[in-house]
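Quick note: the coordinates plus some simple rules give every number you see, no bench work behind them. This structure is a prediction, so every number in the text was calculated from the model and none was measured. With ideal geometry, Cβ positions are generated from the backbone for all residues, glycine too; neighbour counts draw on all protein chains shown.
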Amino acid sequence: AILLLPVVPKAKPVDPPTGVTLARLQYDGGGDWYNGPTEAPNLLAFIRRTTPIDAAEEEARVQIMDEDLFAFPLLYMTGHGNVRLTEEEVRRLRIYLEHGGFLLANDDYGLDAAFRREIGRVFPDKRLVELPPTHGIFREPFSFPDGLPKIHEHDGKRPQALALFEGNRTLLLYTFESDLGDGWEDAAVHGDLEEKRQGALRMGTNIV
C-alpha cells in the first residue's frame, strides 16, 4: 500500500531588510509608540554618512506577534505613556531577546513606570544594570567619557544607560532621563542645539 501524505504549502519567505535598520515596536496599552517619525530615519542617515555600516533609509515597524519579528535584529521602542503586553507577547519577546534579538528602549518622558513593569514580566529573574562610562558602548566609534549624554531635562535627573544581560551578551538597553530620540528628530521639532543633536546621533550610532 502507498501512504499518501497531504501536501503542506511552504510558508512565504520574509524578504530581509535592505541594510541594517531599526524596527519600531508597536505596542498596546495607550502609549504613543509612533511618536517621533523622523527619529530613526535621521539616525540611519547619520550612520550611513559616518560609518561603513550599510544602514537602511527607513525604519521598519513590527509587533511582537508578527511572523517576521525575528527578521529584525534591532527593535526600537519609545513613547510617553503606558505599555501593556499580553502573556503571549511576554513569552515571545523573551524568546526573541534570548535568541539574538536586541531591544533599544528610549524613555521619551512618561514611559519609565510602564517599561520597568512590563520588562519585569518578561525577565522576572533579571535586574537592570547601569552601564559605567568605561563600558565599550561609550567608546566606539564615538567617545563619551562621561557616559550617556543628557539631551533633554525632563525631571532633571542624571541620564542612565540601563541594560539586561544574558552572560556577556546585552539583551536590551534602556536609556532613561536622556531622550536620545528627541535629539535624533529634525532640528525644528524640538529646537535642540546642534551640539545636543550631534551627541544624540553619535550615541545612537555607538548603540547600533
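Quick notes on this structure:
- A crude spin-label estimate for the pair Thr18 and Thr38, with each label 7 Å from Cα along the Cβ direction, gives 2.4 nm.
- For the chain, DSSP calls about 35 percent of its internal beta bridges antiparallel.
- Helix 87-98 and the long axis of the chain differ in direction by around 70°, with both axes built from C-alpha atoms.
- When the chain is treated as a GNM with alpha-carbon contacts under 10 Å, the residue of Gly167, Gly81, Gly19 showing the greatest mean-square fluctuation is Gly167.
- Cross-link partners of Lys126 among aspartates and glutamates (Cα-Cα below 13 Å; sequence separation of 8 or more within a chain): Glu98, Glu118, Glu166
- Nearest-ten-degree value, helix 194-207 long axis tilted from longest Cα axis of the chain: 40 degrees
- The HN-Hα couplings worked out from phi for region 112-128 by the Karplus form 6.51 cos²θ - 1.76 cosθ + 1.60 (θ = phi - 60°) are 3, 4, 5, 5, 4, 4, 6, 6, x, 6, 5, 10, x, 9, 10, 10, 5 Hz, whole numbers, x standing for Gly and Pro.
- Helical contribution to [θ] at 222 nm, DSSP H n ≥ 4, -39,500 (n - 2.57), averaged over the chain, rounded to 500: -8000 deg cm²/dmol
- Reciprocal mean inverse distance between Cα atoms of the chain - Kirkwood radius, Å: 18.0 Å
- Positive minus negative residues near Leu85 (Lys, Arg vs Asp, Glu; Cβ under 15 Å): +1
- Partner aspartates and glutamates for Lys196 [C-alpha distance under 16 Å; skip if fewer than 8 residues away on the same chain]: Glu39, Asp108, Asp146, Glu153, Glu177, Asp179, Asp182, Glu185, Asp186
- Note on Glu57 and Arg121: the extension gain reaches 19.7 nm, defined as 0.36 nm multiplied by sequence separation minus the Cα-Cα distance.
- Point-to-point label distance, Glu166-Glu194, nm (Cα→Cβ direction, 7 Å offset): 4.3 nm
- Working note: Karplus 6.51/-1.76/1.60 with θ = phi - 60° gives region 18-31 the couplings 7, x, 5, 9, 9, 9, 5, 7, 8, 9, 9, x, x, x Hz, where Gly and Pro are set to x.
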